[in-house]
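Dumping the structure here so I can ask a few things about it.
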Amino acid sequence: MREHELTLAQLQDSFTETYPRYTPNEATVEANRCLYCFDAPCIQACPTGIDVPTFIRQIANGNLLGAATTILESNLIGHSCGRVCPVDELCVGACVLGAEHRPIAIGRLQRYATDHVFETGARVFEPAPDSGKRVAIVGAGPAGLSAAGELAKRGVRATVFERQELPGGLSTYGIVVMREPTRVALEEVEFIQSLGVEVVTGVEVGVDVSPQELIEGYDAVLLAAGTGPVPRLNVPGEELEGVIDALPFIAATKLADKDGVERLREIPVGDEVIVVGAGNTAVDAATVAKRLGAERVTMLYRRSRAEMTAYDFEVAFVRNEGVDIRLLTQPVEILGDEHGRVTGVRCVRMRLGEPDASGRRRPEPVPGSELVLPADQVIKAIGQEKLTALFAAFGIESIGGYVKVDEELRTSHPKVFAAGDCVRLTGHALTVTAAEDGKIAARAIARQLGVEELRRDPSATRGRYMHGTTNDFRSVHG
Amino acid sequence: MADLTTNFAGVRSPNPFWLASAPPTNSAYQINKAFEYGWGGAVWKTIGDPVLNVCNRYGAFEYGGKRLVAINNVELISDRPIEVNLKEIREVKRLWPDRAVIVSAMVSSNEQAWKTVVQQIEDTGADAIELNYGCPHGMSERGMGAAVGQVPEYCEMITGWVTSAASIPVIVKLTPNVTNIIPPAHAALNAGADGISLINTINSIAGVDLDSFEIRPNVGGKGSHGGYAGPAVRPIALHLLSQITSDPTYQARPVPISGMGGVETWRDAAEFMLLGATSIQVCTAVMHYGFRIVHELTTGLSNWLDEKGARQAEEVVGASVERISVFGDFDLSFRTVATIDESKCIQCNLCYVACDEGAHQCIDLTADGLRIDPDTYEGGTTLQPVVREDDCVGCDLCSLVCPVDGCITMVERPPKIPPVTWNELVRTRPEVTTDWDAMVAYREEVGIEIH
């Protein structure tokens with residue numbers, strides 16, 4: 001492992017949000033560019049149905065509290081989503097001004113509004129009277145927190161069990177600091193707690209608390225446990241020193257963001273780093289390695305660019321960081337020295353054959369194409385294990401490693417619901433889809449428990465809510 | 001959340017936002033929809049004598065890529081038969097008992113015609129009548145609208161006919177197309193008006209087409225003045241509103257005022273309320289964006305009231321009126337100077353050119369702390385503007401042109417002379433106000449330097 005040469009100032013600069021917060025003037029100018037479309041496509045492109053033109057108009061009018069309320073009443077995880085959403089694929093991609101090549105920067109405006117209320121501590125929602133109903137939620141990530149907050153808005157008290165020391169799930173541990181500082185994730189948790197949600201950390205369901213206790217002790221249970229650790233590569237040499245998982249590697253930088261930038265220096269990083277995988281986590285791990293001071297970072301992927309799940313903007317970003325992406329290359333062995341330390345990765349070139357069960361063309365080794373890439377650190381980022389043991393302990397059915405749910409996120413057990421990445425059988429596992437899951441599940445749970453549905457402003461029976469989303473309406477400020 | 005309910009001369013609405021008498025209030029379809037969105041009230045598009053409309057009816061004033069900074073129209077009052085309007089008004093009021101339904105009217109200037117229309121309106125169950133004395137085009141040529149509003153005697157006579165016949169509140173809508181708004185306002189008050197609304201649209205021509213030479217709006221090659229409305233007219237409306245609310249006669253027996261003229265956001269509405277408007281009417285912004293804007297009008301106003309510690313909207317109505325003064329009573333010793341925060345300055349130097357060529361030459365351009373003549377400077381670095389504070393007259397132009405938030409601020413400085421107003425000088429030192437030699441001597445005496 002190398003001696004770090006980066007100064008604290010350099011590290012601080014590298015582990016700061018990529019985009020600075022708008023100045024008031026920037027926000028006003030950008031907000032005033034919004035056409036305030038009727039029946040706007042950005043609303044429909046948002047998985048949580050945020051009324052984007054209204055919140056942007058509220059920013060333009062200096063009503064930042066109203067803007068944040070508009071965002072949060074559709075998406076309690078909006079503070080994170082403004083930063084981590086792949087907006088080019090969602091709202092910004094749908095913006096009609098894209099036709100003139102300069103769509104509205106919706107994510108940055110959203111962040112401008114939520115930053116304002118989280119800084120001022122303004123109260124956005126009124127506490128609802130206690131319905132007496134209690135729900136246990138497994139996992140304090142975006143899906144669990146969204147559901148807990150939505151239940152709180154209906155007077156249903158949720159207790160969220162989190163196995164990690166800190167709540168927030170991937171927002172706290174998994175999204176790189178450059179996109180979401182740890183502080184933001186923890187502020188969001190505090191906001192959910194302020195609605196009357198109890199969050200218990202360091203308690204693993206299935207270990208410290210049994211599923212049966214939850215099912216019997218609560219009126220309903222929501223499983224929002226996400227996914228498990230990175231699976232094994234199953235190649236020789238995987239036990240060598242210097243072979244690590246991407247998730248704890250990224251998590252260490254998130255904790256350093258909370259505990260002090262000097263803690264970044266305690267994170268081991270190599271000079272020649274190989275990242276195995278090409279999804280969002282692999283991109284993040286490669287970026288982090290580069291910014292921690294790695295000389296050369298290479299991502300290996302056994303298929304071609306077309307099959308990569310990372311978004312175009314992520315690939316462009318990581319390439320801009322100076323990371324190489326070697327496509328159609330599969331590691332077959334990790335090589336080490338006499339001290340048991342990684343020295344390289346033996347790879348084989350691949351080519352694409354016939355489509356496999358996933359519909360993607362199956363990669364096949366090219367005979368005689370083996371090569372050795374030097375490496376002193378190998379980071380594994382080939383997906384995440386499924387929590388099938390936990391599902392079995394709850395006695396619920398699963399498909400392909402994901403919980404089997406209906407449209408309202410009911411599992412095969414009448415008291416158990418599931419949301420978030422643990423049900424994300426298809427499509428991208430996004431923070432914003434987890435947030436929407438939380439809303440859907442909370443609404444279904446509330447209905448099952450016979451809790452009264454939220455009502456809208458009595459003087460307005462029309463408007464803002466024409467898109468059939470699951471938005472609920474009981475805000476103080478509008 | 002602040003209470004927005006409004007009581008305007010006994011007419012109640014859940015919030016102060018009413019649709020102005022205009023195209024958005026042309027039909028029951030529109031007003032029902034508006035009420036579904038949460039509008040507090042609506043003033044029905046003016047009913048009255050038969051009319052025929054033209055194409056094109058609108059022309060826009062655009063500025064810097066912003067559409068509809070103002071709109072000019074030559075549309076007339078309702079072109080639907082009066083019986084259709086009356087029937088729909090009745091239906092709407094029955095459906096929406098908690099909203100303010102007000103009917104704007106304009107008929108020929110004879111007493112019987114007015115008494116008839118008053119009776120017709122009252123029969124619908126409407127909450128109030130608004131007298132349209134403002135329409136500046138088409139109707140005024142027929143002796144109605146602005147033709148009434150511009151002649152205080154007519155205004156008083158017709159208002160008197162209406163108030164003597166009506167049992168529901170009568171609101172007089174004033175035209176801005178006068179040199180002084182006070183006489184028509186007094187006329188309305190003398191005739192017993194229960195409320196005043198203002199402003200109606202301002203005479204204007206939206207523009208001229210540089211290719212065809214046609215006037216906008218273009219009606220078959222011809223153009224005429226139309227009524228100007230939208231955000232650009234707001235400062236004029238605020239002034240006319242303030243003239244009435246600061247008028248001693250009005251203050252002696254005030255009636256509620258419905259303010260309008262370019263209201264698009266809650267901020268605009270709040271300004272009208274601070275200057276004394278109880279309810280707010282909106283048209284152009286709805287023509288541009290639709291009824292949905294009422295959500296942000298109400299929530300933005302409510303959040304602002306909360307911030308100001310006001311429980312009810314009516315607490316802020318007129319809160320700035322006591323500040324309306326006249327030049328002669330301004331304190332001549334009050335002193336501000338411009339300060340530039342160099343850490344924020346981006347060296348666009350718009351302040352320099354504005355001050356040097358458009359004001360009083362008190363900003364220098366500097367390099368390394370030395371004053372530079374920009375016409376001969378060849379140093380290559382970007383120059384830093386610096387205010388010569390002793391010379392700054394405190395005009396505020398530089399901070400108004402500065403594109404950076406909080407970079408140039410006007411800072412209050414201790415007065416250099418004892419407090420005095422122009423009116424006091426007129427009283428105590430009249431020669432100073434009429435003779436330049438005396439003025440120069442006075443300046444030397446008290447220490448006023450003008451460079």
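Test each condition in (1) within 8 Å of another protein chain (Cβ to nearest Cβ); (2) assigned to a loop (DSSP other than H, G, I, E, B) for residue B:264 and report the one that comes out false.
(1)
Give me the strands (runs of 3 or more DSSP E) completely within region A:327-408, filtered to those with at least 3 residues that are surrounded by fewer than 19 Cβ atoms within 10 Å (Cβ to Cβ) and of a type in the set (A, V, I, L, M), ordered by residue number.
Ranges flagged: A:361-374.
When region B:42-62 is examined, which residues are found to be more than 27 Å from residue B:100 (Cα to Cα), touching a residue at least 60 places away in the same chain (Cβ under 8 Å) and either within 14 Å of chain A (Cβ to nearest Cβ) or assigned to a loop (DSSP other than H, G, I, E, B) (or both)?
Passing the criteria: B:54, B:55, B:56, B:57.
If you don't mind, another one. Might you let me know whether region B:212-222 holds any residue that is outside any loop (DSSP other than H, G, I, E, B), under 13 Å from the mean Cα position of the chain (by Cα) and not hydrophobic (A, V, I, L, M, F, W, C)?
For region B:212-222, residues outside any loop (DSSP other than H, G, I, E, B), under 13 Å from the mean Cα position of the chain (by Cα) and not hydrophobic (A, V, I, L, M, F, W, C): absent.
Write out, first by first residue and then by second, each pair whose Cβ atoms fall under 7 Å of each other, whose residues are 6+ apart or on separate chains, and whose first residue, in region A:408-420, is more than 20 Å from residue A:169 (Cβ to Cβ) while the second is surrounded by fewer than 24 Cβ atoms within 10 Å (Cβ to Cβ) and not basic (Lys, Arg).
A:408/A:440; A:408/A:444; A:410/A:444; A:412/A:396; A:412/A:397; A:413/A:395; A:413/A:396; A:415/A:215
Okay, next question. Would you mention how many residues in region B:64-84 are within 14 Å of chain A (Cβ to nearest Cβ) and free of Cβ contacts under 8 Å to residues at least 12 places away in the same chain?
Adding up the residues that qualify gives 3.
Working carefully through the options B:280, B:340, B:293, B:257, find the one that is within 14 Å of chain A (Cβ to nearest Cβ), more than 30 Å from residue B:426 (Cα to Cα) and either touching a Leu at 6+ places or on another chain (Cβ under 9 Å) or in contact (Cβ under 8 Å) with a residue 24 or more places away in the chain (or both).
None of the other options fit; the residue is B:293.
Looking only at region B:398-447, which residues are modelled with pLDDT under 95 and within 14 Å of another protein chain (Cβ to nearest Cβ)?
Correct list: B:403, B:404, B:405, B:406.
Could you list all residues from region B:294-339 that are over 23 Å from residue B:283 (Cα atoms), among the small types (Gly, Ala, Ser) and in a loop (DSSP other than H, G, I, E, B)?
B:309, B:310, B:319, B:320, B:325, B:333
Scan region A:57-74 for residues that are more than 7 Å from every other protein chain (Cβ to nearest Cβ) and touching a helix residue (DSSP H, G or I) at 6+ places or on another chain (Cβ under 7 Å) and jot them down.
Those that are more than 7 Å from every other protein chain (Cβ to nearest Cβ) and touching a helix residue (DSSP H, G or I) at 6+ places or on another chain (Cβ under 7 Å): A:59, A:60, A:64, A:67, A:68, A:70, A:71, A:72.
Among the residues of region A:189-209, count how many are among the polar types (S, T, N, Q) and closer than 17 Å to residue A:173 by Cα.
The number of residues fulfilling the criteria is 1.
Going through region A:316-326 one residue at a time, which ones are β-branched (Val, Ile, Thr) and assigned to a strand (DSSP E or B)?
A:325
Which numbered condition trips up residue B:153, out of (1) among the acidic types (Asp, Glu); (2) crowded, with 16+ Cβ neighbours inside 10 Å; (3) touching a helix residue (DSSP H, G or I) at 6+ places or on another chain (Cβ under 8 Å)?
Here residue B:153 clears every test but (2).
Further question: In this structure, does residue A:137 turn out to be part of a helix (DSSP H, G or I) and not basic (Lys, Arg)?
no
Per-residue answers, yes or no, for (1) more than 30 Å from residue A:279 (Cα to Cα); (2) at pLDDT 95 or above; (3) of a type in the set (Asp, Glu):
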site: A:137; (1), (2), (3): no, yes, no
site: A:142; (1), (2), (3): no, yes, no
site: A:145; (1), (2), (3): no, yes, no
site: A:172; (1), (2), (3): no, yes, no
site: A:177; (1), (2), (3): no, yes, no
site: A:180; (1), (2), (3): no, yes, yes
site: A:200; (1), (2), (3): yes, yes, no
site: A:212; (1), (2), (3): yes, yes, no
site: A:215; (1), (2), (3): yes, yes, no
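Here is a yes/no grid of residues against (1) in contact with a helix residue (DSSP H, G or I) (Cβ under 7 Å, 6 or more places away or on another chain); (2) within 24 Å of residue B:137 (Cα to Cα); (3) buried (at least 22 other Cβ atoms within 10 Å of the Cβ):
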residue: B:16; (1), (2), (3): yes, no, yes
residue: B:38; (1), (2), (3): yes, no, yes
residue: B:41; (1), (2), (3): no, no, yes
residue: B:45; (1), (2), (3): yes, yes, yes
residue: B:56; (1), (2), (3): no, yes, no
residue: B:97; (1), (2), (3): no, no, no
residue: B:100; (1), (2), (3): no, no, yes
residue: B:106; (1), (2), (3): no, yes, yes
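Quick check, is residue A:39 in a loop (DSSP other than H, G, I, E, B) and more than 18 Å from residue A:82 (Cβ to Cβ)?
Yes; evaluated as a whole, the condition is true for this residue.
With the requirement that a residue be free of Cβ contacts under 8 Å to residues at least 40 places away in the same chain, over 30 Å from residue B:223 (Cα atoms) and of a type in the set (Gly, Ala, Ser), what does region B:114-140 give you?
Matches in region B:114-140: B:125 only.
Of all residues in region B:60-78, which are buried (at least 23 other Cβ atoms within 10 Å of the Cβ) and within 20 Å of the chain's Cα centre (by Cα)?
Of everything in region B:60-78, those that are buried (at least 23 other Cβ atoms within 10 Å of the Cβ) and within 20 Å of the chain's Cα centre (by Cα) turn out to be B:71, B:72, B:73.
Would you pick out the residues in region A:237-281 that are of a type in the set (D, E, K, R) and touching a Pro at 6+ places or on another chain (Cβ under 9 Å)?
If the condition is that a residue be of a type in the set (D, E, K, R) and touching a Pro at 6+ places or on another chain (Cβ under 9 Å), then A:245, A:254, A:257, A:258, A:272 are the ones that fit.
Next question, about the same structure. Counting just the residues of region A:41-56 that are aliphatic (A, V, I, L, M) and in contact with a Cys (Cβ under 6 Å, 6 or more places away or on another chain), which one comes out nearest to the other protein chains (Cβ to nearest Cβ)?
Among those residues, the one meeting the criterion is A:56.
For region B:14-41, which residues satisfy the criterion of being of a type in the set (Gly, Ala, Ser), in contact with a strand residue (DSSP E or B) (Cβ under 7 Å, 6 or more places away or on another chain) and either within 21 Å of residue B:3 (Cβ to Cβ) or outside any loop (DSSP other than H, G, I, E, B) (or both)?
B:34, B:40, B:41
Give me a count of the residues in region B:307-324 that are in contact (Cβ under 8 Å) with a residue 24 or more places away in the chain and either at the interface with chain A (Cβ under 8 Å from one of its Cβ atoms) or of a type outside the set (D, E, K, R) (or both).
Adding up the residues that qualify gives 10.
Answer yes or no as to whether residue A:9 is more than 10 Å from chain B (Cβ to nearest Cβ) and without any contact (Cβ under 8 Å) to a residue 40 or more places away in the chain.
Considered against the rule, which asks whether it is more than 10 Å from chain B (Cβ to nearest Cβ) and without any contact (Cβ under 8 Å) to a residue 40 or more places away in the chain, residue A:9 comes out as yes.
The values are calculated or read from the model by the stated rules, or taken from the named source; none is laboratory data. In this text, all values refer to a predicted model and were calculated from it rather than measured experimentally. Cβ atoms come from the backbone with ideal geometry, glycine included; neighbour counts cover every protein chain shown.
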